[in-house]
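Down below is the structure, laid out as structure tokens.
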Amino acid sequence: MACGTKVNIGMMSTSKPWQRTLIRITIGLVVTFLILVLADSLVAARTERRISNTLYEGSNLATPPSVEVTGLPYTAAAFTHEIQTITVGARDVDVPGWGLTSVTSSAQYVTVSRDDVFTGNIHDAPARKVFYRIQLDGVSLGKKMNVSDLLIQNKDDISPRGGWESEAIFEGTPDGYSQPAAIEMQLRIKQGSVHISAVDVIKGPNSKGSGAKVVDGDKLSHNVRADLLKTFSMDIPSEDLPMRGKPVRVYVAGGGVFIESEQYYTSVSIEDLAPYSRPLSKEEKPGL
């Protein structure tokens, strides 16, 4: 027994140096990996900040937009000369003719120089895809329709996680009426224009004026029904949209209407990703 014990202790003592060496190597690799990840994140964050400041200084935005650059890792773009994605986002942008909107734009697989990776100064660079999306809420879209307190919701699933749909329910009070109407809607893209069409009246006021009552759509007169359908319908030509390119997709989600455009195999400058906005007044401009 004693001899056996001595053999086991000897085996354990001879294996410990290998274990310690393996642990040191593992710890060293983990630390090195974390340092590289941190350094890559810092480089990406600095480029994001520079792009954000460039767009802010060259636009009418009240605050710098959010910017995200991606890559695995990002600094690999200095050798591959391709940035995977540059995404710009801005909320509550005051767009002429539309009011406050949220805007997202991105360029994907952008061919750049080594310096562009670190400075973000991208001009006329080939890109595999350039994407734009605007979000119109009930206030901005309601002003266009002359409908106050416009509520936008999915037709089939009104929960916050209901996803996106091209059919919707709009509810609001049209000008000239004292009571709200609920309308079934269809959203479509036809020949490069956005068509927001009222297809049925679910319920609505039976007349104009303060004495109106809300009744089911099939109980409305022909004139009132036709007037409500016309009020809630609108066509938006591509040139009237605050985005580049012709729209390719329109849908409702999360209480808003989203319109998207895409351009493939084109060129892009970093300024092309800036959202449209109206000039700021003296009061709105940030102070020094």
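The values are calculated or read from the model by the stated rules, or taken from the named source; none is laboratory data. Owing to the predicted nature of the structure, the values given are computational and were not obtained by experimental measurement. A quick note on method: Cβ atoms are made from the backbone with ideal geometry, for glycine too, and the neighbour counts reach across all protein chains shown.
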- Hey, can you tell me all the residues within region 220-253 that are surrounded by 12 or more Cβ atoms within 10 Å (Cβ to Cβ) and over 30 Å from S106 (Cα atoms)? L220, V224, R225, A226, D227, L228, L229, T231, F232, S233
- Task: Take the residues in region 35-66 that are closer than 18 Å to D94 by Cβ, modelled with pLDDT of 90 or more and in contact with a strand residue (DSSP E or B) (Cβ under 8 Å, 6 or more places away or on another chain), then tell me which one is surrounded by the fewest Cβ atoms within 10 Å (Cβ to Cβ).
- Result: S66
- Message: Going by what's in this entry, would S193 be described as touching a Pro at 6+ places or on another chain (Cβ under 7 Å) and within 15 Å of V257 (Cα to Cα)?
- Response: yes
- Message: For D94, only one of the following conditions fails: (1) exposed (fewer than 15 other Cβ atoms within 10 Å of the Cβ); (2) modelled with pLDDT of 85 or more. What is its number?
- Response: (1)
- Message: Would you confirm whether or not region 67-81 contains a residue that is crowded, with 17+ Cβ neighbours inside 10 Å, within 16 Å of the chain's Cα centre (by Cα) and modelled with pLDDT of 90 or more?
- Response: yes
- So which residues in region 262-282 are part of a loop (DSSP other than H, G, I, E, B), under 24 Å from V250 (Cα atoms) and modelled with pLDDT of 80 or more? A274, P275
- Message: For region 154-251, give me every one of the strands (runs of 3 or more DSSP E) that falls completely inside it and has 3 or more residues that are free of Cβ contacts under 8 Å to residues at least 40 places away in the same chain and over 20 Å from the mean Cα position of the chain (by Cα).
- Response: 167-174, 181-190, 193-205, 214-216
- First in region 103-115 and within 21 Å of P65 (Cα to Cα), second anywhere and assigned to a strand (DSSP E or B) and aromatic (F, W, Y), Cβ under 7 Å, 6 or more apart: S105/F131; S105/Y132; S106/F131
